[in-house]
1. Which count do you get for residues in the stretch A:170-181 that are at the interface with chain B (Cβ under 8 Å from one of its Cβ atoms), surrounded by 24 or more Cβ atoms within 10 Å (Cβ to Cβ) and out of contact with any strand residue (DSSP E or B) (no Cβ under 7 Å at 6 or more places or on another chain)?
2. So which of B:Phe251, B:Phe234 ends up being aromatic (Phe, Trp, Tyr), in contact (Cβ under 8 Å) with a residue 60 or more places away in the chain and buried (at least 23 other Cβ atoms within 10 Å of the Cβ)?
3. List the helices (runs of 4 or more DSSP H) inside the stretch B:84-186, counting only whole elements, that have at least 1 residues being within 8 Å of chain A (Cβ to nearest Cβ) and surrounded by fewer than 24 Cβ atoms within 10 Å (Cβ to Cβ).
4. Tell me which residues, restricted to the stretch A:105-125, are out of contact with any Cys (no Cβ under 8 Å at 6 or more places or on another chain) and either at the interface with chain B (Cβ under 10 Å from one of its Cβ atoms) or under 15 Å from A:Ala19 (Cβ atoms) (or both).
5. It is to be established whether one or more residues within the stretch A:126-137 are touching a residue at least 24 places away in the same chain (Cβ under 8 Å) and on the phi > 0 side of the Ramachandran plot.
6. Would you call A:Gly197 buried (at least 24 other Cβ atoms within 10 Å of the Cβ), at pLDDT 90 or above, closer than 30 Å to B:Ala136 by Cβ and more than 12 Å from chain B (Cβ to nearest Cβ)?
7. Among the residues of the stretch A:137-153, is there at least one that is modelled with pLDDT under 90 and surrounded by 24 or more Cβ atoms within 10 Å (Cβ to Cβ)?
8. With the stretch B:256-353 as the region, which helices (runs of 4 or more DSSP H) entirely inside it contain at least 2 residues that are charged (D, E, K, R) and buried (at least 24 other Cβ atoms within 10 Å of the Cβ)?
Amino acid sequence: MGVSEPLVSTIAVVAGVVALAVDGRQAVSIAVVAVGLGLAPSVASVGGGEALLVVLASAALAAVAGVTARAVARRARWDAGLDPTVPVIAPRQQLFGPRSVRVFAAAISLPAASWVSFNVPVGAVAVVQGLLFPAAYIWTCGALRLVVARTVADLAVGATMVAFGGGAAWLVRGGGDAITGLAIASSLPPLAAAAAGWLTGRHSRRASAAGARAA
Amino acid sequence: MNVYAVASVWLGGGLGATVLVRTTRLKLLATVAPFAGALATAFAAVGPHLSPALTGDALTIDRAGQGLLIAAAGSFTLAILLARRLDGSEAAICGLVGAATVFALAASSPVLWSIVLLAGMGALAVRWIAISPSRATLAGGRVPTTGAAALLAASPFLPVVGVITGPRPAIAAGLLAGGIVALLALIPMGGWATAVLPALRGIDVAPWVVFLAPAVLLTAERIPAGTPAAGDAFGRVMLSAGLASAVWGSFQAVRAQGRARYVRMLLADLGLSAAAIGTAHPGLALTGGLLILLTHFALAPVMLAPVGAGDRSRRLAWVALAGVPPTPTFWGRFVLLEAIFQVGSGEIVASLLSVGLLFFAAVMAALPRAEHGRDIGDASYGGGRRVLVWVAVLAAFAIGAAPAAASAVVFGG
């Protein structure tokens, strides 16, 4: 059964927009799961079940790693640190907020990814064209999230998106090490989710301790 | 010892040293991290290294990479010993970034190369933001990580050997060059380094100065050979960004004071090394770049330490950066100029201007009391640290006295 390219691309676009727009303490885990699921149809159509397993396992591992790291950090007796969800610098008064900027970034990523997909051939063995859109879109959204990042969580989400996008693009390129490259790229999202979860848990421990003292 | 084992030792040593420092309060134990890493690297299996641009799947560290890691570990150890305060997490960052550097120097797969640079730079950025949340450290997270992301984006378009038509070679070369420029803090993406490096403690910026930037420079030396069709585009970007960084960095070095002046000089030297990569003379670019790196390995911990680390020794360190014989920077810059001179008259003028301004900046800083009280953490050092500073400065002059021998010992023939 053939795969509908427009459907696969639409799913990737929805995943990219979700990952770009998501904020808060669960942002990294939500973004990783969204991008993993969004790229799954594209990866499965290009690389088969093995590639699908790599991406889904990475997304699941990232979700588990984020939750586990947060739970462990709440119990560990380490120094409290920075909150990854608090902006590093105070935002200025501006017409559009950070999420509006990111949605705009999602919009301009569409033509950029489309151009790359249809104009730049990839392929280690056989040259292919037109299959790169989902990966290119996720990568472009991730890079733009890095560029407009205001928090550590933004950096973590951006890094996971570019890792998944880059890995999926490497799979489209093909060659003997296609799955290996995808697996290498997919190893970053669980690490980023664990780091963000750890920082969040460590900070919330301090916040809850301060609340208990005040009470 | 294979690459995985070496990287594991770096990582384990860093985490172990952090636990040791926090439980015993003995900050000297932080040196366990670079020492264990250097020891493991010394026993690493050495073999030929393939450019990531050629998209191989081998994972071998070459002799130059091995020497670079060991010298970087020595430099980081000196930075630890010269630091006034340590909380132990410096060792963990050393382990993380050291392990990432091992993979970056060994990888011939562009995906692995870019992912480890992204991970290493990301970890360092989180550390910088945690220490000092500011616009500068946020930029230190945004720009270089986006650069590493650009390297990852270039991966699917590689290799470009034999591809001579269409936009693919240009896209690959553009992404590779953009990524290298951002990671090496060259113009137009170098603002983050000029803001971050002078603002943080030497021990906090040392992982970028001694591990990541040298690793990126060394791997970038091999890219033109792997992108023959796109070699012109990649080389042109490196040449212009490198020369612009060298001229601007040296001009700003004349105006700046203290640590900021050293940072500008370091970035100017990185610019000259990057420009040489774009000259199509890889041998000269590699030799000159390694000599420059070796000099900064010896001097960076001293120059990034708080002022007062021995007035006379510090002034002598500025002399070592002047670029006149027999200083080590003379030989490094001389070889780089030899490569750049073969490009054209505009490049000759720009590189000479940069070297001249660097000389002027170093001489101004070496004058008695020129730097007095102009730095953060103005403090005097005790006897042991003074000795260490002298050892580092004299090591730099020893490199200048026998540059070929020093380079051969550290990086192999």
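1. Residues flagged as at the interface with chain B (Cβ under 8 Å from one of its Cβ atoms), surrounded by 24 or more Cβ atoms within 10 Å (Cβ to Cβ) and out of contact with any strand residue (DSSP E or B) (no Cβ under 7 Å at 6 or more places or on another chain) within the stretch A:170-181 amount to 2.
2. Details: B:Phe251 fails: buried (at least 23 other Cβ atoms within 10 Å of the Cβ).
Of B:Phe251, B:Phe234, the one residue that is aromatic (Phe, Trp, Tyr), in contact (Cβ under 8 Å) with a residue 60 or more places away in the chain and buried (at least 23 other Cβ atoms within 10 Å of the Cβ) is B:Phe234.
3. On the way: elements: B:89-106, B:110-131, B:135-154, B:168-183.
Once the helices (runs of 4 or more DSSP H) in the stretch B:84-186 are filtered for at least 1 residues that are within 8 Å of chain A (Cβ to nearest Cβ) and surrounded by fewer than 24 Cβ atoms within 10 Å (Cβ to Cβ), what remains is B:110-131, B:135-154, B:168-183.
4. Filtering the stretch A:105-125 for residues out of contact with any Cys (no Cβ under 8 Å at 6 or more places or on another chain) gives A:107-108, A:110-125.
The answer is A:Ala107, A:Leu110, A:Ala113, A:Trp115, A:Val116, A:Asn119, A:Val120, A:Pro121, A:Val122, A:Gly123, A:Ala124.
5. At the first step, the residues of the stretch A:126-137 found to be touching a residue at least 24 places away in the same chain (Cβ under 8 Å) are A:126, A:128, A:130-137.
In the following step, the residues that additionally are on the phi > 0 side of the Ramachandran plot were identified as A:130.
Yes, the stretch A:126-137 has at least one match.
6. Numbers: buried (at least 24 other Cβ atoms within 10 Å of the Cβ): yes; at pLDDT 90 or above: yes; closer than 30 Å to B:Ala136 by Cβ: yes; more than 12 Å from chain B (Cβ to nearest Cβ): yes.
When the stated conditions are applied, A:Gly197 passes them.
7. No: zero hits.
8. Working: elements: B:258-277, B:282-303, B:311-320, B:328-340.
So the answer is B:258-277.
The values are calculated or read from the model by the stated rules, or taken from the named source; none is laboratory data. Computed from a prediction, not measured in an experiment: that's the story for all the values here. Every residue, glycine among them, receives a Cβ derived from its backbone with ideal geometry; neighbour counts consider all protein chains shown.
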